1. If I filter region 88-101 for residues that are over 19 Å from residue 330 (Cα atoms), surrounded by 14 or more Cβ atoms within 10 Å (Cβ to Cβ) and of a type outside the set (Asp, Glu), do I get at least one hit?
2. Considering only region 263-289, state which residues are within 15 Å of the ligand (Cβ to nearest atom), within 15 Å of the chain's Cα centre (by Cα) and either within 16 Å of residue 114 (Cβ to Cβ) or in a loop (DSSP other than H, G, I, E, B) (or both).
3. Report every pair of residues separated by at least 6 positions or lying on different chains whose Cβ atoms are under 7 Å apart, first residue within region 183-201 and crowded, with 18+ Cβ neighbours inside 10 Å, second aliphatic (A, V, I, L, M) and not in a helix (DSSP H, G or I).
4. Quick one: in region 46-83, of everything that is surrounded by 20 or more Cβ atoms within 10 Å (Cβ to Cβ) and assigned to a loop (DSSP other than H, G, I, E, B), which residue is nearest to the ligand (Cβ to nearest atom)?
5. Of all the residues that make up region 135-163, how many are of a type in the set (A, V, I, L, M, F, W, C) and free of Cβ contacts under 8 Å to residues at least 12 places away in the same chain?
6. Got a sec? Which of 164, 157, 173 is touching a helix residue (DSSP H, G or I) at 6+ places or on another chain (Cβ under 6 Å) and surrounded by fewer than 16 Cβ atoms within 10 Å (Cβ to Cβ)?
7. May I ask you to say which residue of 303, 307, 322 is closer than 17 Å to residue 85 by Cα, over 23 Å from the mean Cα position of the chain (by Cα) and touching a residue at least 60 places away in the same chain (Cβ under 8 Å)?
8. So which of 77, 52, 64, 70 ends up being in contact with a Leu (Cβ under 9 Å, 6 or more places away or on another chain) and of a type in the set (Gly, Ala, Ser)?
Amino acid sequence: MGKNDSLTARDLAVVWHPCTQMKDHEHLPMIPIRRGQGVWLEDFDGNRYIDAVSSWWVNLFGHANPHINAAISTQAAQLEHVILAGFTHEPVIRLSERLVERAPSPLSRCFYADSGSAAVEVALKMSFHYWLNQARPAKTRFICLSNSYHGETMGALSVGDVALYKETYKPLLLDVITVPGPDAFYAEPGETPKDVAKRQFSHMQQALEQHGEEVCAVIVEPLVQCAGGMRMYDPEYLRLLRQACDQYGVHLIADEIAVGFGRTGTFFACEQADVTPDFLCLSKGLTGGYLPLSVVLTHDQVYEAFYTEYERLQAFLHSHSYTGNALACSAALATLDLFEASPVLERNRMLADVMSEALAPLKDHPHVGDVRQTGMIAAVEMVKDKLAKTPYPWQERRGLKIYQHALANQALLRPLGHVSYLMPPYVIEPEQIQHLARVMAEGIDLATRD
Ligand SMILES: Cc1ncc(COP(=O)(O)O)c(C=O)c1O
C-alpha cells in the first residue's frame, strides 16, 4: 500500500470533506498533499499537480511563499492572537491602515471576521442595523442577482442563487428579492456585454422602484460570478447600480471575496466601474491563501450611525472569537508587501494574455459554448449544442472526466459543473499556463466524446 493509499484510508475513516458527496470517494481518489511549493502541490507518492484553482481561489503568490512564511513565523514568536474587543495589536492596525489606503474613497473603517461567509453576514447585518439606527425599521430585505453566490451560512446562502447549494435549505432562509442578472453569456446576437448590462438593468431598476422602501442593500459579486460558473458581466452594470442605489436610498454591498486582490485585472474589481460600494467584503486572497481572515470595509456615515452612548443599545455587537487574528493579519500584510515589491498587476496582464491565447483554439470546439475571461480568471463552458448553447444535463457530470484527466496530467483543474476554468496563483509561468490549457482541451475532448 502506497503512502497515499494508507492516508486516504485513515482520512475516509474520520474526515467529512466540504462540498463533497463522500460516496464519490468509493471511485474518486483522495489526494493527500505532503507539501506545496509555488504553483505546485505534491502528494505522498511524489505526484505533482499545478494548482490551477489557487486552492479555492485563495492563493496569490504560491504555496510556501518565503516572505509570507517569514512574516507569520516572526509574528508567531511575538503574539499569535489576542481578543480584539478592548485590545488591539500592531498587525491589525497596520493592515487596516493599508487597506483603507488601497480601497476606494470614502471607505475608512475595517470590521474583521474569519471567513468570506462571515464577512457577508457582517455586511448584511450592519446594513440592516444602520437603517434601524436611522429609524428606518421597514428596511428588512435584500436584493441579489440571479446566479449569485455569497457563501454557505444562512444569511449568505439566502442572498445566493445557486440552486445546488441553496435549494435544500430554502425553508430556513431569508426572504430576498432575486433579480435577473447581467450575465454576458446570454447576449442576443449582435449584443455586446455592455448592451446586456444595460438591458438587464431594467429588472434591477424595477425592483428598486417597487421595493426600495423595504430594502436595506443590494449585494453583488463585481464583474465575475465565480461559484455560479465564472459567469461575467460588464462594469456598466455596477455604474448603473451605484447610481440607482443612491437614488433609492439603498446600500451597495460589493462582495469581492473571490474577485478582489487583482483577480479581475485591477486591484479591486469595482475600480473598473469607478464606483465605491457602501460595504466592501474581502477574504480569500487577503492573506495570500494562508490563513482564514475576512474584512468588511465601510465609510464614516455607517460607522457614525452606531457611535453613540452605550445605553442607546445601537452598537454593532457582532463578534467572532478569532476576529482580527494577529497571525492572519501578518500574512495579509506580507501579501500587501508582495503587491508593492513588484509590478504584480502588470505581470498579470502578460499572464492573462497567455491564458487568452492558450484557450482561444477552444472557441472552435464543437462542444464549447463560450470561452470568457476577465483578468486572471478564464473559463470554458461545455455545451451539448453549440449554437443554442444548450447545457449538458448536470447528472452527466462531464466535468469530473476533466478533473480526473487533469490529475493524471499534473494539474488540479476542478470544473464547476460543465465549466472548466483557470484561476491560478500569480507566480505561474507562461509554459505552465500552456500546459494547463492543453490538459483542459484534452479533458474537454474526452468529456464530450459521446
Ligand atoms: C463571492 C464569494 N463570496 C463569499 C464566499 C464565501 O467565502 P468562504 O468560503 O470563505 O466562507 C465565496 C467563496 O467561494 C465567494 O466566492
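Each reported figure results from applying straightforward, stated rules to the coordinates on display, with no laboratory input. Worth saying up front: this structure is predicted, and the values here are computed from it rather than measured. Ideal geometry is used to build each Cβ from the backbone, glycine not excepted, and the neighbour counts take in all protein chains shown.
1. The answer is no, given that none of the residues of region 88-101 is over 19 Å from residue 330 (Cα atoms), surrounded by 14 or more Cβ atoms within 10 Å (Cβ to Cβ) and of a type outside the set (Asp, Glu).
2. If the condition is that a residue be within 15 Å of the ligand (Cβ to nearest atom), within 15 Å of the chain's Cα centre (by Cα) and either within 16 Å of residue 114 (Cβ to Cβ) or in a loop (DSSP other than H, G, I, E, B) (or both), then 263, 264, 268, 281, 282, 283, 284, 285, 286, 287, 288, 289 are the ones that fit.
3. Partner pairs satisfying both residue conditions: 184/232; 193/187; 196/187.
4. Taking the candidates together, the pick is 58.
5. Within region 135-163, residues that are of a type in the set (A, V, I, L, M, F, W, C) and free of Cβ contacts under 8 Å to residues at least 12 places away in the same chain number 2.
6. Selected residue: 173, the only one of 164, 157, 173 that is touching a helix residue (DSSP H, G or I) at 6+ places or on another chain (Cβ under 6 Å) and surrounded by fewer than 16 Cβ atoms within 10 Å (Cβ to Cβ).
7. 303
8. Result of the check over 77, 52, 64, 70: 52.
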